[in-house]
There are 2 protein chains.
Amino acid sequence: MKRLPFLLLAGFMGTIAQAQTVHSPTNKLTLSFQLSPGGEPTYQLRFGAKPVLKPSRLGMLLQGQPALDKGLTIARVDSSQHDDTWQPVWGEVKQIRNRYKELAVTLQQPTSNGRRVVVRFRLYDDGLGFRYEFPQQPGLSYFVVQQELTEFNLPANHKAFWIPGDYDSNEYTYTTSRLSEVNSAPIEPIQLKSDPKRVQTPLMLKSDDGLYVNLHEAALVNYPALMLDVDTQAFGLRSHLVPSATGAAAYLQAPEHTPWRTVVVSDKAPEVLASKLILNLNEPTAFAATDWIKPQKFVGVWWEMHVNKASWNYADTSNIKLAGTDWSKLRPNGHHGANTQNVKRYIDFAAKHGLQSVLVEGWNVGWEDWAGNWKEEVFDFVTPYPDFNVPELQQYAASKGVKLMMHHETSSAVTNYERRQDAAYRFMKQYGYDAVKTGYVGRIIPRGEHHDGQWMVNHYNRTAQKTGENQIMVDMHESVRPTGLHRTYPNWLASEAARGNEFNAWSTGNPPEHETILPFTRLMGGPMDYTPGIFQIKLEGWNPQRNQGKQVHTTLAKQLALYVTLYSPVQMAADLPEAYEQHLDAFQFIKDVAVDWDDTRILLAEPGDYLTTARKAKGTEEWYLGSITDEQARTQTVKLDFLTPGTTYEATIYADGQGASWDKNPMAYRIRKQKVTSKTTLKLQLAAGGGAAVSIKPVGK
Amino acid sequence: MKRLPFLLLAGFMGTIAQAQTVHSPTNKLTLSFQLSPGGEPTYQLRFGAKPVLKPSRLGMLLQGQPALDKGLTIARVDSSQHDDTWQPVWGEVKQIRNRYKELAVTLQQPTSNGRRVVVRFRLYDDGLGFRYEFPQQPGLSYFVVQQELTEFNLPANHKAFWIPGDYDSNEYTYTTSRLSEVNSAPIEPIQLKSDPKRVQTPLMLKSDDGLYVNLHEAALVNYPALMLDVDTQAFGLRSHLVPSATGAAAYLQAPEHTPWRTVVVSDKAPEVLASKLILNLNEPTAFAATDWIKPQKFVGVWWEMHVNKASWNYADTSNIKLAGTDWSKLRPNGHHGANTQNVKRYIDFAAKHGLQSVLVEGWNVGWEDWAGNWKEEVFDFVTPYPDFNVPELQQYAASKGVKLMMHHETSSAVTNYERRQDAAYRFMKQYGYDAVKTGYVGRIIPRGEHHDGQWMVNHYNRTAQKTGENQIMVDMHESVRPTGLHRTYPNWLASEAARGNEFNAWSTGNPPEHETILPFTRLMGGPMDYTPGIFQIKLEGWNPQRNQGKQVHTTLAKQLALYVTLYSPVQMAADLPEAYEQHLDAFQFIKDVAVDWDDTRILLAEPGDYLTTARKAKGTEEWYLGSITDEQARTQTVKLDFLTPGTTYEATIYADGQGASWDKNPMAYRIRKQKVTSKTTLKLQLAAGGGAAVSIKPVGK
């Protein structure tokens, strides 16, 4: 890292200007910081001449002591610039440039023991990050943040892509509305009824004059998640921190700082998706070795439970207690998915098709009445059901060169999980597991805490650290949405933390536009385990009675495209082997597609409408392209000018078939091959709710 | 166990009497159960003709469903009797007789899905135990107890020995008052301001006509502690359960039951102390081996911190963070108690005088600002300070035949402790520790939970189980008061859970009556680690400035007597080696006195006034006698008729010296020897705040 101080106005120099202005490295953005005559700090942001954020207040409400929001003076101003590049362990690109100008304003409150807080801004060409820092000081040692008073005041009534501010779930479909129309009252809560004008981040906004603004946070550590309360009259957004069990937001000890508040901004939608600002604002990993971390594709005993062909539970009883139950005495229900024979079938399939691993859910005792009872002792993470033979499967998988992926559903009894984590990871290492999918369904124990509160944030991060120390990769479901911490914990391959493909199996599903919004919202913070790849779109085939009218809200071809458009280093081939075996020609794309990349090009993008992305597979000359649309059929014109000039490639195009549409004819697809070069332009015909996937492999010069 | 059914009135027999009456095995007590015309259950208790409890309501308030307190019918009545004896792993007596009559009334609520609750009464000659049981049933599976409605309606304005109903601390001096005068408003709270008319159990009561009544509970498992709200007009007591973070009391799953509510009653105070009712109502241990459990005496690096001669902390800094601090770089304050050389001094002393173990507090990093900040990451339980050499001390102690006792102060960050317990116990086993003193100072994390709530109750019990599985003995400080669970977990040697001797070092202290009340209150549930044996009564000698006016509120001789009158299988010789070395003649009693017993005789007792107890050492013919008084000087006439007739013994009497008194001349003692037999009567002169200790060893027939 190089750090070039180019401006320093320290307190002892006498008067410090009450306003400070910084321009981004190539002057695209301008940040201004200002102190009012009453000592109230504000900031504002411009994109060229266009206002991104109007003057917006900064401040902190502390418990039992005066707020840090007025009566402040500028004690010191530090400015610097920074420019370097770094290599992620895995990712969408091989190298990431981290280039910003920094402004750190030290504010002092003379009326309150001279308490100090630093507001540190990092201004990039594609956005702004800023955070509050509390230096070690006599007047502020241990303290409690009651609420954060940060504002993001928008200049107009932008279009917003939002989900309700539920403290415990982010598994919502997005509502697209003007800011003035934000109102989640009619939306059925997934877990917790929220204030109707509260929304979650990442919040994607678009102005009428074509500016794309994304609000989120980076490096969420030891602090609750940020939500935003919308002023539907003035279009101001104000921070709302998820409370702890006591109602307070964060228990802190100086020196400490908040996460970065992030504003990604561009007049081109693809640039929002290409932004690495959030990753750049995270700390590099402290793990000495990372070569054991493997991006991967996997299948799993999972979708067959969602489509009511099998069950997580072994017996159809209820009112089970973990302690004192003799599991061998339970009467099996005859359709328990995680049985040794069935798992071997998945192992065989993975081995045959070169997929790295097999997830098995429902392998361990406790699923008979695991959810909804706010019960602490549900799972022990080490006791298999009688029909799941751990050593036998370990041997079998090893003999086939396949890894088993562990599953730890906690049912949100997190105290129970924490006290058993040591033993659970020892069990994993003993039986050859090197990756775990965790789950947090239900209400949190410690009771009164929330999925997105400080205590749980610390839990997720501690789990990333602890699994990392054990050389275990982790994929967290029902966790807080990511904030780029996979830079710090590269073993934290992905999270769910949004409405995944599974909702198509047992709810009204995800509307066709859903996957065009996710990259602009949830994925801004990090990879998602969306579980794409459902081929059997209509689910009645699996269980006519229980799946009546259920279907995935895309075409089959779009399911393929998602492997490219929804970036993740861990991608499930989520459907059943028997579904794939009927369409092995289409399955070839899933076999081929990479999960780690040297380069990524966002070619066409508009949130809520369409997205076309091309990626270059790590260490190869192969490219993979995904193109998706919402409920509108579209023709996408894709220039392949990112290919190496002079090289000829064979493109295999997995496209929607004649007459395809997500609702009436979702499984019609056609596969064609053609030679392409950097001069080729593809015209991809996307059906309503459809998509196209393209593999592009060099065949010669 | 034998169980002889002697009466069965089942539902199918038609009418069941709305009133049921049971007499105790020798008819001392009579219990009546009755259902009002409105289906409200009540019970009452008589001692001979004297009412102990007037008709008192029973019931449960449940969250989100109708209360179980009226509209009930009797569905079934089961009666039985029981009589056997059992051997505790350690204790006050060798054998315990468990003889009771049982009445189990199954109540049904026709208006609420026929929900059932069983009230099970066990009537002993020395008291009553009863509990609520929730059988497995369709209408009541998972449920939440909002409050328990059990009443204990006393017939008159009894004298009560009470402490305030603080959810988080029991470290109070006792107030002796009429029930009508119960009011804790003027009492400074230790942790949490309580309702002024709320008191804790064990609650000791005495009627004007000489009946002693003790209210408490037995087998507190998966349920919050019981407190009592006093009706100061009608002298009724009503149960109040300590709430969880959500405000509800208990999260339960049927089949489940409450702890036993206990009423020990006698017209003789010694019989209250001799009662084994609470132990009998606990479950036998499930540990296969218990021979590794060793009652013991110990010294420790501890009191020197209390008397400001040394510190727990290594450095005099504050604002330390567990993670990221380089402890070797801290500047030592020069008076850190837990340094290798000092610990060796204690090991030498223990070895020389035959004490089994040495406790060391402040050995591990984190004490610089450990308390009062509601901070989660304070201690890691495995990292010693730079001046504490774990392997060296392990070797040194082993070479001297002494055990080191581990110390785990959690600072009430219990989530932090739980996630580190596995590693902490592995560390202990690795370095030869087989006993741990735990501590819970401060506010509980999970924030919002209380020391005496269900979540913490489960924690203590789980810790007893987990230490037991690791063959580790445990002594818990700042835990919930015991309820006889040491029968189930005999490795749970003792708890503090009351105001210990330490308060004499840094507060107004414990009044001289304190130790005469403790056996009738706190000790009813189990042993206490009171830490007796302070010889240097006036503390200014250790640190004139900081200990100005501080002293222990007893004579030296009374400190000796406490080893007998306050039963515990783990007894500290709490003072510094240099204090003992100046009084080795008196120290001889501490060396001699047993910590495990074949027999116990409560000879003279009156709560708040005096107590004389004799105990026969396990497996020997030696007896040890302790006699204490409150602030009144007394002569106690003690018949030694418990000695074996025909045997001559040598009694060594450690008595208050001429002119001794706790405040003016506390360290005056004299030691005399005399031959005694079963026909001897001793006259023990106890000074104000004084006592006497007597060892009685056979010298021949």
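The values are calculated or read from the model by the stated rules, or taken from the named source; none is laboratory data. In this text the structure is predicted, and so the values were computed from the model without any measurement. Here Cβ is always computed from backbone atoms with ideal geometry, including for glycine, and neighbour counts include all displayed protein chains. The accessibility values were calculated without ligands, DNA or RNA, using every heavy atom of the protein model including side chains. Shrake-Rupley method; radii C 1.70, N 1.55, O 1.52, S 1.80 Å.
Restricting the range A:468-488 to residues that are more than 20 Å from A:GLY91 (Cα to Cα) and of a type in the set (S, T, N, Q), which is nearest to the other protein chains (Cβ to nearest Cβ)? Taking the candidates together, the pick is A:ASN470. Taken over the range A:365-414, the criterion of being in a strand (DSSP E or B) and open to solvent by 50 Å² or more (accessible area, probe 1.4 Å) is satisfied by A:LYS403 alone. For the range A:415-457, the tally of residues that are assigned to a loop (DSSP other than H, G, I, E, B), more than 9 Å from every other protein chain (Cβ to nearest Cβ), open to solvent by less than 10 Å² (accessible area, probe 1.4 Å) and in contact (Cβ under 8 Å) with a residue 40 or more places away in the chain stands at 4.
Evaluation of B:ASN170 against the conditions (1) in contact with a Leu (Cβ under 8 Å, 6 or more places away or on another chain); (2) outside any strand (DSSP E or B); (3) farther than 23 Å from B:TYR251 by Cα shows that the sole unmet condition is (1). Number of residues in the range B:468-517 that are within 30 Å of B:ALA289 (Cα to Cα), open to solvent by 10 Å² or more (accessible area, probe 1.4 Å) and polar (S, T, N, Q) equals 3.
For B:SER311, all conditions in the list (1) within 14 Å of chain A (Cβ to nearest Cβ); (2) more than 30 Å from A:ASN373 (Cα to Cα); (3) open to solvent by less than 30 Å² (accessible area, probe 1.4 Å); (4) among the polar types (S, T, N, Q) hold save one; what is the number of the exception? Only one criterion in (1) within 14 Å of chain A (Cβ to nearest Cβ); (2) more than 30 Å from A:ASN373 (Cα to Cα); (3) open to solvent by less than 30 Å² (accessible area, probe 1.4 Å); (4) among the polar types (S, T, N, Q) is unmet by B:SER311, namely (1).
So, A:LEU330, is that one aliphatic (A, V, I, L, M) and open to solvent by 10 Å² or more (accessible area, probe 1.4 Å) or not?
Considered against the rule, which asks whether it is aliphatic (A, V, I, L, M) and open to solvent by 10 Å² or more (accessible area, probe 1.4 Å), A:LEU330 comes out as yes.
For the range A:592-612, state whether one or more residues are in contact with a Leu (Cβ under 6 Å, 6 or more places away or on another chain), under 16 Å from A:LYS697 (Cα atoms), in contact (Cβ under 8 Å) with a residue 40 or more places away in the chain and not charged (D, E, K, R). There is no residue in the range A:592-612 that is in contact with a Leu (Cβ under 6 Å, 6 or more places away or on another chain), under 16 Å from A:LYS697 (Cα atoms), in contact (Cβ under 8 Å) with a residue 40 or more places away in the chain and not charged (D, E, K, R). In summary, B:SER194 fulfils each of the numbered conditions (1) more than 14 Å from chain A (Cβ to nearest Cβ); (2) open to solvent by less than 30 Å² (accessible area, probe 1.4 Å); (3) modelled with pLDDT of 95 or more; (4) out of contact with any Leu (no Cβ under 6 Å at 6 or more places or on another chain) with the single exception of condition (3). Which residue, of A:PHE388, A:PHE427, A:PHE379, is closer than 18 Å to A:MET305 by Cβ, over 27 Å from the mean Cα position of the chain (by Cα) and modelled with pLDDT of 95 or more? Answer to the check: A:PHE388. Within the range A:98-110, can one find any residue that is surrounded by fewer than 16 Cβ atoms within 10 Å (Cβ to Cβ) and under 23 Å from the mean Cα position of the chain (by Cα)? There is no residue in the range A:98-110 that is surrounded by fewer than 16 Cβ atoms within 10 Å (Cβ to Cβ) and under 23 Å from the mean Cα position of the chain (by Cα). Restricting attention to the range B:366-383 and to residues that are in contact with a Phe, Trp or Tyr (Cβ under 9 Å, 6 or more places away or on another chain) and of a type in the set (A, V, I, L, M), the residue that is farthest from the other protein chains (Cβ to nearest Cβ) turns out to be B:VAL382.
Would the range A:535-542 turn up any residue that is acidic (Asp, Glu) and farther than 29 Å from A:VAL93 by Cβ? The answer is yes, given that some residue of the range A:535-542 is acidic (Asp, Glu) and farther than 29 Å from A:VAL93 by Cβ. From the list A:PRO259, A:PRO189, A:PRO224, the lone residue that is away from chain B (no Cβ under 14 Å) and crowded, with 23+ Cβ neighbours inside 10 Å is A:PRO259. Number of residues in the range A:237-247 that are touching a strand residue (DSSP E or B) at 6+ places or on another chain (Cβ under 6 Å) and either charged (D, E, K, R) or open to solvent by 10 Å² or more (accessible area, probe 1.4 Å) (or both): the value is 2.
When A:ALA269, A:ALA250, A:ALA254 are checked against the criterion of being closer than 26 Å to A:SER495 by Cα, within 14 Å of chain B (Cβ to nearest Cβ) and either among the acidic types (Asp, Glu) or open to solvent by less than 30 Å² (accessible area, probe 1.4 Å) (or both), a single residue qualifies: A:ALA250.
Name the single residue, out of those in the range B:615-635 being closer than 16 Å to B:VAL694 by Cα and among the basic types (Lys, Arg), that is most open to solvent (accessible area, probe 1.4 Å). If we take residues in the range B:615-635 being closer than 16 Å to B:VAL694 by Cα and among the basic types (Lys, Arg), then B:LYS616 is most open to solvent (accessible area, probe 1.4 Å).
Output the residues belonging to the range B:278-308 that are surrounded by 17 or more Cβ atoms within 10 Å (Cβ to Cβ) and either under 30 Å from B:ARG99 (Cα atoms) or within 14 Å of chain A (Cβ to nearest Cβ) (or both). Scanning the range B:278-308 gives B:ILE278, B:LEU279, B:ASN280, B:LEU281, B:ASN282, B:THR285, B:PHE287, B:ILE293, B:LYS294, B:PRO295.
Check whether at least one residue in the range B:335-358 is within 14 Å of chain A (Cβ to nearest Cβ) and either open to solvent by 50 Å² or more (accessible area, probe 1.4 Å) or over 31 Å from the mean Cα position of the chain (by Cα) (or both), and report yes or no. No.
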